[in-house]
Every structure is written in C-alpha cells, then in structure tokens.
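Trainee: Take a look at this one; I'll ask things after.
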Amino acid sequence: MNVHDIPQNPDEHVRFAVHLDRLRHVAGPNEAELVSRVLTDPDRTMARSAVLRHLDRRAADLHPGPAYEEWAQAMTRATIDHPFLTRRLREWSLFRAVTLKLPWRPDDLLASSDWLQSKVAVGTNTEAVEILAELGRTKRIRSAARNGLNHGSES
C-alpha cells in the first residue's frame, strides 16, 4: 500500500500502519510536513496516536544530542494545534534537561505527567529522583524513585 491508497481505504488500522511506516522512513527535511499531513487524517485519535509513537521514537533517539533542539522546534510547529502532542514534546525537552543535567525547574517536573515522572524516577539525576521520591504524583512513582535511590546507595 502506498500514500495514494490511504484516502481510499476506510480501515483506520490499515491507515495507522501506513502512517507509522511512512513516519519511520521519512527523511529529515520532510518530517514536519509529513507529521502535519498525518494529523489531517479523518480519524484524529488514530492520527495523533501514530504521531505520538513517532515523536516518542525520534525523541528517544535524538534527546542526548544537539540535533534535538531544532527537531523539537520543528515538531512543535507541526503539532501546534494538538495540545497533547505539544505537551509531550515539552516533557521530552524537560526529560532531556534532567537527564543531561541542563537547567530545569523542580516545579516543572512536579507539574508533569505520570509518563514523564515515571521516566525520571528511574533515571540517574539524583536531585530529580529525590524530589519524586518525596513529592511524585503517584504512590508508584514515589516508590520507583525511592527504590532507585536505595539501589544507588547500595553501589
């Protein structure tokens, strides 16, 4: 199946698979345009899900390096009308800051989603993990952070 088959195929599962495949293989300069196009799919929930998977995959690959900043700005522009996606990108940027020990604010971490707090709770930034061990949003997050701190002190 190719891009021309998508509008003719009413099955959102098929379109979802095609979107994921195209996003997986898109070249850098065309990525933002493709993300924008995917988000015009009539099944908005499915389209956002495909883009979310793409953003998570790309951010996981890019966040440690310098290419992340420009990529995140381009993706934020492409997803600006989709608050959940732009929030995820902001949280990836916060994750990057915490992980790379760049400047970040504890209040931003405490206001973040369970998704981000869970990722940070098992990380290596002791300050962030200590904050989550005490003030994390859920019992599970606080427990994961405490476990991380305990294992770190046993080394």
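Trainee: Being in a loop (DSSP other than H, G, I, E, B) and open to solvent by less than 40 Å² (accessible area, probe 1.4 Å) is the filter; apply it to the range 45-75 and report the residue that is farthest from Leu20 (Cα to Cα). If you could, list the steps in order and put the result at the bottom.
Mentor: Step one: filter the range 45-75 for residues in a loop (DSSP other than H, G, I, E, B), giving 63-66.
Next cut, open to solvent by less than 40 Å² (accessible area, probe 1.4 Å) only: 63, 65.
On the way: His63: 20, Gly65: 24 Å.
Step by step, filter the range 45-75, then rank; the result is Gly65.
Trainee: Name, by its number, the condition in (1) at pLDDT 95 or above; (2) over 30 Å from Asn30 (Cβ atoms); (3) open to solvent by 10 Å² or more (accessible area, probe 1.4 Å); (4) hydroxyl-bearing (Ser, Thr, Tyr) that does not hold for Ser113.
Mentor: Single failed check for Ser113: (2).
Trainee: Additional query: Any residue in the range 66-82 that's under 22 Å from Thr40 (Cβ atoms): show its pairings with residues that are of a type in the set (S, T, N, Q) at Cβ separation under 7 Å, as long as the two are six or more apart or on different chains.
Mentor: Ala72/Ser93; Thr76/Thr86; Ala78/Ser36; Thr79/Thr86; Ile80/Thr86
Trainee: Right, another one. For the range 118-131, does any single residue satisfy the condition of being open to solvent by 70 Å² or more (accessible area, probe 1.4 Å) and under 22 Å from Asn30 (Cα atoms)?
Mentor: Of the residues in the range 118-131, the ones open to solvent by 70 Å² or more (accessible area, probe 1.4 Å) are 122, 124, 126-127, 130.
Those left that are additionally under 22 Å from Asn30 (Cα atoms): none.
For the range 118-131, residues open to solvent by 70 Å² or more (accessible area, probe 1.4 Å) and under 22 Å from Asn30 (Cα atoms): absent.
Trainee: Please list, ordered by first then second residue, the pairs with beta carbon atoms under 7 Å, 6 or more apart or interchain, first in the range 99-118 and under 19 Å from Ala59 (Cβ atoms), second open to solvent by 70 Å² or more (accessible area, probe 1.4 Å).
Mentor: As it stands, the answer is Leu100/Pro64; Asp114/Arg137; Gln117/Arg137, since those pairs meet every condition given.
Trainee: Let me ask something else. Tally time: how many residues in the range 132-150 are assigned to a helix (DSSP H, G or I) and open to solvent by 40 Å² or more (accessible area, probe 1.4 Å)?
Mentor: Taking the range 132-150 first, the residues assigned to a helix (DSSP H, G or I) are 132-135, 139-150.
Narrowing further to those that are open to solvent by 40 Å² or more (accessible area, probe 1.4 Å): 134-135, 139-140, 142-143, 146-147, 149-150.
Summing the residues that are assigned to a helix (DSSP H, G or I) and open to solvent by 40 Å² or more (accessible area, probe 1.4 Å) in the range 132-150 gives 10.
Trainee: Quick test for you: out of Val14, Val3, Val26, Val38, pick the one residue that is modelled with pLDDT of 90 or more, more than 23 Å from the chain's Cα centre (by Cα) and of a type in the set (A, V, I, L, M).
Mentor: Numbers: Val3 fails: modelled with pLDDT of 90 or more; Val26 fails: more than 23 Å from the chain's Cα centre (by Cα); Val38 fails: more than 23 Å from the chain's Cα centre (by Cα).
So the residue among Val14, Val3, Val26, Val38 that is modelled with pLDDT of 90 or more, more than 23 Å from the chain's Cα centre (by Cα) and of a type in the set (A, V, I, L, M) is Val14.
Trainee: One residue is enough: does the range 87-94 have a residue meeting the conditions in a helix (DSSP H, G or I), modelled with pLDDT of 95 or more and in contact with a Ser or Thr (Cβ under 6 Å, 6 or more places away or on another chain)?
Mentor: Let us first name the residues in the range 87-94 that are in a helix (DSSP H, G or I), namely 87-94.
Restricting the remaining residues to those that are modelled with pLDDT of 95 or more gives 87-94.
Now narrow it down to the ones that are in contact with a Ser or Thr (Cβ under 6 Å, 6 or more places away or on another chain): 89, 91.
Yes, that holds for at least one residue.
Trainee: Name every residue in the range 22-44 that is out of contact with any Asp or Glu (no Cβ under 9 Å at 6 or more places or on another chain) and loosely packed, with under 13 Cβ neighbours inside 10 Å, in order of residue number. Steps first, answer last, please.
Mentor: Of the residues in the range 22-44, the ones out of contact with any Asp or Glu (no Cβ under 9 Å at 6 or more places or on another chain) are 22, 24-25, 27-38, 40, 44.
Selection gives Arg24, His25, Ala27, Gly28, Pro29, Asn30, Glu33, Thr40, Arg44.
Trainee: Against the condition surrounded by 15 or more Cβ atoms within 10 Å (Cβ to Cβ), of a type in the set (Lys, Arg), over 30 Å from Leu135 (Cα atoms) and in contact (Cβ under 8 Å) with a residue 24 or more places away in the chain, how does Arg15 come out, does it pass? Before you say what the answer is, go through the steps one by one.
Mentor: On the way: surrounded by 15 or more Cβ atoms within 10 Å (Cβ to Cβ): yes; of a type in the set (Lys, Arg): yes; over 30 Å from Leu135 (Cα atoms): yes; in contact (Cβ under 8 Å) with a residue 24 or more places away in the chain: yes.
Yes: the conditions hold for Arg15.
The values are calculated or read from the model by the stated rules, or taken from the named source; none is laboratory data. Just so we're clear, the structure is a prediction, and the values are computed from it rather than from any experiment. Glycine also receives a Cβ, built like all others from the backbone with ideal geometry; neighbour counts cover every protein chain displayed. Note: areas computed on protein heavy atoms with side chains; ligands, DNA, RNA excluded. Shrake-Rupley method; radii C 1.70, N 1.55, O 1.52, S 1.80 Å.
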